[in-house]
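Structure first, commentary second.
The values are calculated or read from the model by the stated rules, or taken from the named source; none is laboratory data. Quantities reported herein were computed from a predicted structural model and do not represent experimental measurements. Every residue, glycine as well, gets a Cβ built from its backbone with ideal geometry; the counts of neighbours run over all protein chains shown. Heavy atoms of the whole protein, side chains included, go into the accessibility calculation; ligands, DNA and RNA do not. Shrake-Rupley method; radii C 1.70, N 1.55, O 1.52, S 1.80 Å.
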Amino acid sequence: MASHCSLSTLFPIQSQLDQSLEDATQGEKEQLVYQYLKKIDNGEGLKIPDFPAGLEWLNTEGPLSLSKELAGKVVLLDFFTYCCINCMHILPDLHQLEQRHSVKDGLVIVGVHSAKFPNEKVLDNIRSAVLRYDIHHPVLNDSEASMWHELEVSCWPTLVLLGPRGNLLFSVVGEGHRDRLTLFTDSALRFYGEQGTLKAHAVGIKLYRESLPPSVLSFPGKVAVDDGNRRLVIADTGHHRILVVSFTGHLLHVIGGPKNGRRDGNFSEASFHSPQGVAIKGDTVYVADTENHLIRKIDLLEGRVSTLAGVGAQGTDKEGGAIGTQQPISSPWDVTLGTAGGVDDNVLWIAMAGTHQIWALFLADGKLPKASESKAGVCVRWAGSGNEENRNNAYPHKAGFAQPSGLAWAPEEPWSCLYVADSEGSTIRTLALKDGAVKLLVGGERDPLNLFAFGDVDGKGVDAKLQHPLGVAWAPEQSLLYVADSYNHKIKVVDPKTKQCHTLAGTGEAGDAVGPEFNKCCFNEPGGICVGDGGKLLYVADTNNHVVKVLDLASKTVSLLPIFTECTDSAPSRPVGATKVPTLPKSATRKDMPPVSVSVGQTVVMSVTISLPDGAKLTTEAPSCWALSAEGNEWLLDGRVVTGDIGDLSQPLVVSAKLPAVVKEFNGKPSLSLAVWVFYCTKAGSACTMKAASFTQPLEINTTAGEEEVTVEFAHTF
């Protein structure tokens, strides 16, 4: 029966084709695939069951069906789990396919999220991952892996190509199959196009990101502290940039963003792609430019960005040894400075998540334990076989890691090690600086092949349980290690002497409450952590909450790090936050106000009274906000988008904008646009919603001086 058709039926049929393709030319490959399609397209024998009813969808207007919305389409199913680095490596391949073939052409990609960790079953967490990874196609939350089991999928990632009737065509397992995936997809679209069975209708895709308000930070990944200069470096991952802020939250430097790119140069032209790890020494910042597969250097004095390692494309080399800019690397996730057989801080340790290894980039001549000397600029593997496993070993090359994502250097005796947050194995490991021996500190279990020994248990050594930790920070003053236990939404502390691990802050539930007490504070997949002020403070990148939280270890209280949007950087820099207002939802109210006469240099004050339905109140979990823009005439606001939060509707929202003293040429009729996003719940708490509205204020600009301010007042009821 069709309902029992699965990959176990397809693989024996496809295996002969796979073998024939190995030594064929491109023309021969296309002919082989075309003949294969003619052979297997013979009825209902390979038709799969439809998507299970009642499951949650993202990036769509509603549930999709193979027999309805997707009928007449070639459908590519991407079975993934968002923690998996191999699944992340597939996304550029899918993006390339989406650029090559549109929905109108007949191709629809559907992500089927089948979770590894319990935390990954939660729709809000998947939604955050979809935003972080910039996924533009529909995603199904297969939380109980029902479709995974129905099709007999066995590992992440698995890609399954379906014909217009929901019939199995091809499947590829793992990463690194871009050419074959393109071949299969192109051939299927050609074949069914000639058959006349493709349909050009639209599919109800609705991207969640288009309704999001702007924010100063977007999915911050890692943080690093510079106590001497009282400043913090933040990897503003979702905005593809690096921020340097003072301890009081004033912006000192903005480097890169807001869109991804791969360019060296001054701060205004340099670009990154989803940077994660950061390390700072003096006026030099080192960056793990994760999705560019590069290590970058920021010179804060010269105001320039340069590349130290990587070639800008994902590498598969697991040995290294070349000069940095000639050495391909794979998804570096964290960096930290250290010393190896030479002058202080002569090496940059790299958590190479993509190859499950720890690498070393020599900034000056040095020597790894049990290895020959390395010259400055060399980038080489230090530990990890490249196999994804929890294997401890006295020989670093024989040890195995599972997506190492966080590093902390502890040179002091008796520790003298590199601490590693080994995320997929849910462990914290140690890598001895003396001889490279790899040992377990806490988490996981003794079987090196079991990457499912996770949980949330305080305890000692292997009895303690973590869930996908992404960050570690060493406090030498206390001889304690702090851990961002990401998928448990907690900060934990480990005593390496006793191997005891216990919860420091967080409730274990995803949330955004500041507390202020440690046990009442909530996090949402915190990904980065560092120790500041001589071991008195912890700075936590609370990734899915888009903030940095500060934990005071003396008072046991939590606060938010404010980030003020005016940058004191003397070099040209991009504005903070989005460069344009995000797309308002279709349901948003749009009001055009009567024109107002203004003068150059005058301040325009917009005062809007906002009313909610009876009994409704603003939510704290999803902060309401506003954004002021001047699309088409950005010079009115000096090229910026001004944003702010809405915390109280008992008083009018007042937004001011000082106009330039000199009028520039303008397009059409100049105007200011004030957009508001309001999140509120009913009194009974039975329903919560987001509403948005946009108010356009046309300006009639006079070149003669006028009063200091002109105020416009209006009201709106949701």
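Has region 589-610 got any residue that is open to solvent by 30 Å² or more (accessible area, probe 1.4 Å), at pLDDT below 85 and polar (S, T, N, Q)? Among the residues of region 589-610, not one is open to solvent by 30 Å² or more (accessible area, probe 1.4 Å), at pLDDT below 85 and polar (S, T, N, Q), which makes the answer no. A count restricted to region 32-53 and to residues that are farther than 20 Å from I109 by Cα and free of Cβ contacts under 8 Å to residues at least 24 places away in the same chain stands at 6.
Anything in region 387-420 that is in a strand (DSSP E or B), open to solvent by 10 Å² or more (accessible area, probe 1.4 Å) and polar (S, T, N, Q)? List them, or say none. Answer for region 387-420, where residues must be in a strand (DSSP E or B), open to solvent by 10 Å² or more (accessible area, probe 1.4 Å) and polar (S, T, N, Q): just N393. Once region 348-381 is narrowed to residues that are over 22 Å from I280 (Cβ atoms) and part of a strand (DSSP E or B), the residue that is least open to solvent (accessible area, probe 1.4 Å) is Q357.
Please go through region 104-136 and pick out each residue that is over 28 Å from P526 (Cβ atoms) and open to solvent by less than 40 Å² (accessible area, probe 1.4 Å).
First, pick out the residues of region 104-136 that are over 28 Å from P526 (Cβ atoms): 104-110.
Listed by number, the residues that qualify are G106, L107, V108, I109, V110.
For every residue, the table says whether it meets (1) of a type outside the set (K, R); (2) closer than 30 Å to G27 by Cα.
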site: H113; (1), (2): yes, no
site: P118; (1), (2): yes, no
site: K121; (1), (2): no, no
site: Y133; (1), (2): yes, no
site: E144; (1), (2): yes, no
site: S154; (1), (2): yes, no
site: T158; (1), (2): yes, yes
site: L162; (1), (2): yes, yes
site: S171; (1), (2): yes, yes
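When K499 is tested against (1) surrounded by fewer than 20 Cβ atoms within 10 Å (Cβ to Cβ); (2) under 21 Å from K116 (Cα atoms); (3) touching a helix residue (DSSP H, G or I) at 6+ places or on another chain (Cβ under 6 Å); (4) not aromatic (F, W, Y), only condition (2) is not met. Scoring I242 on the criteria (1) open to solvent by 20 Å² or more (accessible area, probe 1.4 Å); (2) within 15 Å of the chain's Cα centre (by Cα); (3) modelled with pLDDT of 95 or more leaves a single failure, condition (1). Meeting the requirement of 3 or more residues that are closer than 29 Å to G176 by Cβ, the strands (runs of 3 or more DSSP E) wholly within region 20-127 are 74-80, 107-113.
For every residue, the table says whether it meets (1) among the acidic types (D, E); (2) at pLDDT below 80; (3) more than 36 Å from the chain's Cα centre (by Cα).
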{"residue": "A627", "(1), (2), (3)": "no, no, no"}
{"residue": "L649", "(1), (2), (3)": "no, no, no"}
{"residue": "E665", "(1), (2), (3)": "yes, yes, yes"}
{"residue": "K669", "(1), (2), (3)": "no, no, yes"}
{"residue": "V676", "(1), (2), (3)": "no, no, no"}
{"residue": "C681", "(1), (2), (3)": "no, yes, no"}
{"residue": "I701", "(1), (2), (3)": "no, no, yes"}
{"residue": "E708", "(1), (2), (3)": "yes, yes, yes"}
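So, V462, is that one surrounded by fewer than 21 Cβ atoms within 10 Å (Cβ to Cβ), aliphatic (A, V, I, L, M) and on the phi < 0 side of the Ramachandran plot or not? Considered against the rule, which asks whether it is surrounded by fewer than 21 Cβ atoms within 10 Å (Cβ to Cβ), aliphatic (A, V, I, L, M) and on the phi < 0 side of the Ramachandran plot, V462 comes out as yes.
Residue-by-condition table, conditions (1) out of contact with any Pro (no Cβ under 6 Å at 6 or more places or on another chain); (2) crowded, with 24+ Cβ neighbours inside 10 Å; (3) closer than 14 Å to I529 by Cβ:
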position: S426; (1), (2), (3): yes, yes, no
position: G443; (1), (2), (3): yes, yes, no
position: D447; (1), (2), (3): yes, no, no
position: I491; (1), (2), (3): yes, yes, yes
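Residues considered: L76, L97. Of these, the only one that is at pLDDT 95 or above, out of contact with any Asp or Glu (no Cβ under 9 Å at 6 or more places or on another chain), open to solvent by less than 30 Å² (accessible area, probe 1.4 Å) and within 15 Å of H113 (Cα to Cα) is L76.
Where strands (runs of 3 or more DSSP E) fall entirely within region 206-289, those with at least 1 residues that are basic (K, R) and within 29 Å of I646 (Cα to Cα) are at 231-236, 241-246. Among the candidates E28, E61, E56, the residue that is in contact with a Gly (Cβ under 7 Å, 6 or more places away or on another chain), surrounded by fewer than 19 Cβ atoms within 10 Å (Cβ to Cβ) and charged (D, E, K, R) is uniquely E61.
For region 245-272, a residue qualifies if it is in contact with a Ser or Thr (Cβ under 7 Å, 6 or more places away or on another chain), surrounded by 24 or more Cβ atoms within 10 Å (Cβ to Cβ) and among the aliphatic types (A, V, I, L, M), and exactly one does: V254. Across region 311-347, the qualifying residues are those that are in contact with a Cys (Cβ under 8 Å, 6 or more places away or on another chain) and in a loop (DSSP other than H, G, I, E, B), and the one among them that is surrounded by the most Cβ atoms within 10 Å (Cβ to Cβ) is I329.
Here's the yes/no breakdown for (1) surrounded by 18 or more Cβ atoms within 10 Å (Cβ to Cβ); (2) of a type in the set (A, V, I, L, M, F, W, C); (3) assigned to a loop (DSSP other than H, G, I, E, B); (4) in contact with a helix residue (DSSP H, G or I) (Cβ under 6 Å, 6 or more places away or on another chain):
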position: H149; (1), (2), (3), (4): no, no, no, no
position: V153; (1), (2), (3), (4): yes, yes, yes, no
position: L161; (1), (2), (3), (4): yes, yes, no, yes
position: S171; (1), (2), (3), (4): yes, no, no, yes
position: D179; (1), (2), (3), (4): no, no, no, no
position: F184; (1), (2), (3), (4): yes, yes, no, no
position: S187; (1), (2), (3), (4): yes, no, no, yes
position: Y192; (1), (2), (3), (4): yes, no, no, no
position: K199; (1), (2), (3), (4): no, no, yes, no
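Counting only strands (runs of 3 or more DSSP E) that fall entirely inside region 461-567 and contain at least 1 residues that are among the small types (G, A, S), the qualifying elements are 471-475, 480-485, 500-505, 528-532, 537-542, 557-560. Within region 433-443, is there a residue that is at pLDDT 95 or above, part of a loop (DSSP other than H, G, I, E, B) and under 26 Å from the mean Cα position of the chain (by Cα)? No, every residue in region 433-443 fails to be at pLDDT 95 or above, part of a loop (DSSP other than H, G, I, E, B) and under 26 Å from the mean Cα position of the chain (by Cα).
Criterion applied to V514, V483 was being out of contact with any His (no Cβ under 7 Å at 6 or more places or on another chain), within 26 Å of W349 (Cα to Cα) and touching a residue at least 40 places away in the same chain (Cβ under 8 Å), and the one residue passing it is V483.
Regarding region 436-446, can at least one residue be identified that is over 22 Å from N387 (Cα atoms) and free of Cβ contacts under 8 Å to residues at least 60 places away in the same chain? No - not one qualifying residue is present in region 436-446. Close Cβ contacts (under 6 Å, 6 or more residues apart or on different chains) running from residues in region 197-214 that are touching a residue at least 40 places away in the same chain (Cβ under 8 Å) to residues that are of a type in the set (F, W, Y) comprise L198/Y192; P213/W677.
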